[in-house]
Amino acid sequence: MLRRLRPLLFLSPTLLILLSITLFPLVYSLYLASHTVILTNPMLSGWSLTDNLREVFIESPEYWESMLTTLILVVAVVTLEFVLGLMLAYFFFSNFRGRNLIFPFFLMPMMLTPVVVGTIWRFLFNGEFGLIAGLLKAVGVENYSILNQPSTALVGIVIADVWQWTPFMLLLLLAGMRALPRSPFEAAQVDGANAFQIFRDIMLPMMKPIIIIAVLMRTIDAFNRMFDIIYIMTNGGPGRASETLAVMAFRQSFEYFFMHQGAIVALSMLVIITIMVKILNRFIAGRKGA
Amino acid sequence: MKRDTKEMMNAFGKAMASRLGFLEEVSTSRREFLRNSSLMAAGFAAASMGGAVIAPRIARAEGWTLAEAAKPYAGATVRVSNLAGYPHNDFMRPLIADFEKETGIKIQIDTVQYGEAVGKHMQLLATGSDEYDLFNIDSIWFPGYAPYMEPLTGFMADAKLMDPSFDYADLSEECQKTNSYLDQVYMFSNMYTFPILAYRRDWYAESNLKAPVTWKELYDQAAQFSKDGKYGYVIHGLRTAMMEMVTIPYLSMGGTVFDDYLHPTFSQPPENFEKAKQAMQLIRDIYQNKLTPPGSLDFELGEASAAYAQGNIAMNLNWAIIFAVQEDAKQSKVAGKNAYAWAPTGYDTPAPNGEVTGGYTRLASFGLSISKTSKNKEAAYLFSQWLSSPAIQEKIVVAGDSAPSRIKLLEKYTDKYGHFPILLEATKLVGKKLWDAPKIANERQWEDTVAIAFQDCMIGKIGVEEAIVKADKDVAKLMRQYGFYKGDNEYPKSVTSNFKGTAKVELL
């Protein structure tokens with residue numbers, strides 16, 4: 001008996017820490033989501049799960065607007081980052097002089113914190129003093145502030161996010177390319193295939209697993225973390241034009257102090273991310289099985 | 001405690017809190033009863049005050065010195081969360097070494113951006129953090145902080161701590177009022193501010209114009225100046241400023257923001273709706289017709305002032321607190337080139353005899369409030385008192401501050417800044433034509449809700465009428481969620497801060 005319990009005994013400190021930092025916040029979030037918790041009015045309390053769900057999912061068009069904004073941003077950034085990352089990976093896959101010298105520069109944006117990235121781009125997009133506004137003025141577009149227009153605020157955010165996270169795609173895809181066996185490429189060359197045919201018919205199909213993993217990982221990450229850059233660049237504005245679910249959860253919890261509504265938004269994100277992770281896990285397990 | 005007695009007390013506390021409209025549901029614990037009872041007492045206090053200024057008991061000890069008072073606390077470190085970017089805070093910094101030297105108390109200051117301050121502060125306070133002893137608070141947000149802060153009234157009555165030369169009565173009446181809550185004083189003002197129109201004296205002289213007295217005149221002048229890379233006006237369009245950007249003209253036309261039941265009144269009664277439409281249309285036209293810099297939907301008062309200081313804007317309706325920046329030749333191209341005037345009144349017709357047709361927006365003040373969790377409350381009190389004392393406030397004004405909280409300093413240094421006479425005159429508006437934001441914990445949230453509707457209008461997402469109705473609807477929904485409309489109570493003037501009785505409107 002003691003022998004059987006011994007591994008559990010040794011594992012227990014780690015398990016306790018893990019439970020306290022993962023399970024407790026989750027249980028507490030469930031508690032918040034099912035009660036009325038308003039920091040500025042502690043008198044309003046009590047079980048109110050159905051009311052809370054109705055408020056967020058039925059009575060607040062804001063939730064669905066934020067969901068749409070999140071999806072638009074996620075699809076836009078992941079698509080662009082994948083396409084650009086693939087092009088850059090293919091570029092760095094070939095041998096050329098100075099490759100090792102310039103490669104680190106392409107990785108630099110990824111090393112910066114999103115707050116710094118947001119601040120840099122906010123200044124670049126500033127309608128009065130920003131470099132972009134200056135360039136637009138040079139081509140005849142006067143008085144334009146990208147982040148002040150609902151139609152272009154999302155474009156500005158996409159540009160900043162793509163600038164920061166394309167290197168992540170580049171790294172994953174380049175690693176995938178370098179891990180491919182050489183013989184199919186050599187055979188294709190012997191058969192007279194051109195570079196585009198080799199890329200389309202040999203490289204891309206062989207890279208499919210790494211591409212799916214990279215896209216899924218980045219999708220999960222973008223969905224989850226579409227907050228810092230937006231908070232700094234537009235704070236969800238103008239109006240609510242760039243308010244994602246993460247920004248909404250923050251605003252409901254820490255600006256409006258509706259902790260229960262913030263918890264529901266955050267938990268809904270958790271459900272979506274869990275589904276994505278399940279898909280990723282299933283895919284990875286499937287690959288191992290194969 | 002016997003069960004019957006406990007139940008009776010709970011029922012009593014619950015009933016009274018419900019009557020006051022603060023309570024939706026309560027548990028029956030003793031703790032809850034105590035909370036309810038305190039709230040009930042607080043509600044009565046608010047109702048009985050009727051917006052009056054509190055007269056705290058002030059100790060006056062002979063021979064009091066700061067060094068002697070601070071002796072028991074020497075070696076303590078007082079941590080302050082200060083608001084960034086405000087000139088009076090910058091002028092205060094070099095003087096802190098004197099306080100530290102005299103008292104042996106160390107002052108450690110962190111800064112936080114205005115727009116983020118309430119969120120960050122509330123997270124700390126609500127979780128019982130003792131990270132800061134003092135919080136720099138805009139008085140408009142104070143009711144939200146109140147449950148977590150320590151009243152100063154007890155310290156003021158303590159002869160060992162109270163500086164007899166402090167001259168509490170010299171703080172403007174509005175500063176005293178806005179830094180008190182219910183029957184307690186919570187902060188000493190170290191700054192007092194009011195929106196004043198700064199305009200380019202040189203441009204106006206060249207164009208043979210006078211400062212606008214109506215909003216239509218302001219628009220026409222702004223349009224006249226907006227050419228060749230110049231702008232006529234500068235809007236503060238950030239979410240934290242947008243509500244006031246529209247309500248300043250709206251109030252001056254005679255509009256009201258809430259009725260006495262805290263029902264929002266931008267869209268009703270019909271005369272309010274007309275004024276709100278005129279005010280919203282005016283600000284939207286200024287933005288859409290490019291009479292303001294293109295990025296001004298991102299401007300708070302600091303950014304607006306910085307843009308004005310570049311020298312290509314004609315008018316800057318801004319808070320007096322920030323004028324020190326534009327009058328500083330090191331930071332501004334327009335230093336010494338400005339004149340100051342009251343904000344316009346009325347849409348196209350000034351009121352007879354120079355009186356305003358409606359009201360003015362609030363006088364605001366900032367101060368330092370002590371956290372209940374602070375372990376250095378007395379040391380923190382001494383620092384806060386020292387900072388707002390006549391001698392230090394005078395040093396700060398001499399150094400360049402443009403928004404002193406003391407009446408005697410405004411009188412003594414009338415000529416230092418062009419806007420000081422207006423600032424002084426504005427103190428006389430208290431209780432007459434001055435709209436103050438309701439003293440409720442959810443001030444920031446309803447302002448933000450209005451700002452979202454107004455910003456949507458500015459960017460053309462929705463029309464003017466739709467924005468005004470949306471603002472009222474969304475605020476009503478929000479206030480209902482916060483539990484305000486239980487029992488359909490009329491709120492006392494000390495809560496609504498309405499300077500005139502406002503007829504009840506239907507909730508949207």
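The values are calculated or read from the model by the stated rules, or taken from the named source; none is laboratory data. Keep in mind it's a predicted model, so treat the numbers as computed, not measured. Note that we place each Cβ from the backbone using ideal geometry, even for glycine, and neighbour counts take in every protein chain shown. With ligands, DNA and RNA removed, areas are computed over all heavy atoms of the protein, side chains included. Shrake-Rupley method; radii C 1.70, N 1.55, O 1.52, S 1.80 Å.
General observations
- Just one of the listed residues (B:211, B:157) is of a type in the set (A, V, I, L, M), surrounded by fewer than 23 Cβ atoms within 10 Å (Cβ to Cβ) and closer than 21 Å to residue B:301 by Cα, and it is B:211.
- Any chance residue A:141 is among the aliphatic types (A, V, I, L, M) and under 22 Å from the mean Cα position of the chain (by Cα): no
- Yes/no for residue A:274 being open to solvent by 50 Å² or more (accessible area, probe 1.4 Å) and either at pLDDT 90 or above or of a type in the set (Ser, Thr, Tyr) (or both): yes
- One residue alone among A:43, A:1 is at pLDDT below 85 and farther than 25 Å from residue B:145 by Cβ, and that residue is A:1.
- Selection over the range B:112-153 of residues that are free of Cβ contacts under 8 Å to residues at least 60 places away in the same chain and closer than 17 Å to residue B:451 by Cβ gives a count of 4.
- Screening residue B:381 with (1) in contact with a Ser or Thr (Cβ under 8 Å, 6 or more places away or on another chain); (2) open to solvent by less than 10 Å² (accessible area, probe 1.4 Å) gives one miss only, at (1).
- Positions within the range B:430-475 being touching a strand residue (DSSP E or B) at 6+ places or on another chain (Cβ under 6 Å) and of a type in the set (A, V, I, L, M, F, W, C), in sequence order: B:434, B:475
- Residues in the range A:122-152 that are within 13 Å of another protein chain (Cβ to nearest Cβ), at pLDDT 85 or above and out of contact with any Gly (no Cβ under 7 Å at 6 or more places or on another chain): A:122, A:132, A:152.
- Tally, over the range B:460-478, of residues that are open to solvent by less than 20 Å² (accessible area, probe 1.4 Å) and more than 11 Å from every other protein chain (Cβ to nearest Cβ): 6
- Residue in the range A:227-243 that is touching a Lys or Arg at 6+ places or on another chain (Cβ under 8 Å) and closer than 17 Å to residue A:57 by Cβ present: yes
- Residue in the range A:59-69 that is farther than 26 Å from residue A:225 by Cβ, crowded, with 20+ Cβ neighbours inside 10 Å, out of contact with any helix residue (DSSP H, G or I) (no Cβ under 6 Å at 6 or more places or on another chain) and at pLDDT below 90 present: no
- Lone qualifier among B:130, B:110, B:98 - being assigned to a strand (DSSP E or B), more than 21 Å from residue B:185 (Cβ to Cβ) and either away from every other protein chain (no Cβ under 14 Å) or modelled with pLDDT under 85 (or both): B:110
- Scanning the range B:398-421 for residues that are in a loop (DSSP other than H, G, I, E, B) and crowded, with 21+ Cβ neighbours inside 10 Å gives B:401, B:402, B:403, B:404, B:405, B:417, B:419.
- Helices (runs of 4 or more DSSP H) contained in the range B:234-337 and holding at least 2 residues open to solvent by 10 Å² or more (accessible area, probe 1.4 Å) and either out of contact with any strand residue (DSSP E or B) (no Cβ under 7 Å at 6 or more places or on another chain) or modelled with pLDDT of 95 or more (or both): B:239-252, B:270-288, B:301-309
- For residue A:144: the one exception among (1) closer than 21 Å to residue A:95 by Cα; (2) outside any helix (DSSP H, G or I): (1)
- Hits in the range B:134-154 (condition: open to solvent by 10 Å² or more (accessible area, probe 1.4 Å) and part of a loop (DSSP other than H, G, I, E, B)): B:151
- Filtered residue count, the range B:113-133, keeping only those that are open to solvent by 50 Å² or more (accessible area, probe 1.4 Å) and over 22 Å from residue A:248 (Cα atoms): 2
- Selection of the range A:254-290 for residues being within 14 Å of another protein chain (Cβ to nearest Cβ) and assigned to a helix (DSSP H, G or I) yields A:254, A:255, A:259, A:260, A:261, A:262, A:264.
- Residue match in the range B:32-55 (condition: more than 25 Å from the chain's Cα centre (by Cα), among the hydrophobic types (A, V, I, L, M, F, W, C), at pLDDT below 85 and exposed (fewer than 15 other Cβ atoms within 10 Å of the Cβ)): yes
- For the range B:438-459, a residue qualifies if it is in a loop (DSSP other than H, G, I, E, B), surrounded by fewer than 24 Cβ atoms within 10 Å (Cβ to Cβ) and either more than 9 Å from every other protein chain (Cβ to nearest Cβ) or over 17 Å from the mean Cα position of the chain (by Cα) (or both), and the qualifying residues are B:438, B:459.
- On the stretch given as the range B:187-199, residues that are modelled with pLDDT of 95 or more and either among the hydroxyl-bearing types (Ser, Thr, Tyr) or open to solvent by 10 Å² or more (accessible area, probe 1.4 Å) (or both) total 1.
- Of all residues making up the range A:109-118, the number that are open to solvent by 40 Å² or more (accessible area, probe 1.4 Å), in a helix (DSSP H, G or I) and either touching a Cys at 6+ places or on another chain (Cβ under 9 Å) or within 14 Å of residue A:161 (Cβ to Cβ) (or both): 3
- Hey, residue B:218 in contact (Cβ under 8 Å) with a residue 40 or more places away in the chain, in a helix (DSSP H, G or I), aliphatic (A, V, I, L, M) and in contact with a helix residue (DSSP H, G or I) (Cβ under 9 Å, 6 or more places away or on another chain) or not: yes
- Residue ID - nearest to the other protein chains (Cβ to nearest Cβ), chosen from residues in the range A:211-253 that are of a type in the set (Gly, Ala, Ser) and in contact (Cβ under 8 Å) with a residue 60 or more places away in the chain: A:239
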